[in-house]
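Read-outs: derived from the displayed coordinates by stated rules, not from any lab. These figures come from a predicted structure and were not determined experimentally. Cβ placement follows ideal geometry from the backbone for every residue including glycine, while neighbour counts extend to all protein chains displayed.
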Amino acid sequence: ATVEWLSKQPWCDGHVGMTGVSYLGLCAWAAMREEVPALKAVAPVLAATDLYNVMFGRGGSGAAHVELLFRWSHLVMHLMNKPYGMIEAIPNFFMGTGEKLRSAYKHAPLREADTKFLCPDREPLEWFQDGFAHPLGTEPF
């Protein structure tokens, strides 16, 4: 819907391109799947082509890559919820020293870590829960 909207803006010639690093690159890959005619070019940078296998695949086992899953979730939630969330989230992502992350690593069951530690003031993260609900990654993108 966003690509279509962009293509119809008066300042756009009807052709849209996307690029992005990491998660935003993954968004570009996902947009390609929608086959929107206005999307003419995609240039993802350092982006996984299959986020499920990065987070949950681990060689087809369905086992969660716990550290990456928690660090990435923590980073994204801080970037979304605070004006300068990156100042706190990026050092925690790379050094893993945040109290919330340390608590989340010790928590069981893992599927509750999103609401108890990573983003306690929010509803469960749909994509986080979906990964645990479908441990073999058999659902569509």
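Amide H of residue 19: which non-local residues (sequence gap of 5 or more, or other chain) have their own amide H closer than 5 Å, using H built in the peptide plane?
Here the answer is 43, since their amide H atoms fall under 5 Å of that of residue 19.
Rounded to the nearest 0.05, what FRET efficiency do residue 30 and residue 129 give with R0 = 25 Å and r taken as the Cβ-Cβ distance? Could you check?
Efficiency at R0 = 25 Å is approximately 0.85.
FRET efficiency for residue 12 and residue 50, Cβ-Cβ distance as r, R0 = 25 Å, nearest 0.05?
0.25
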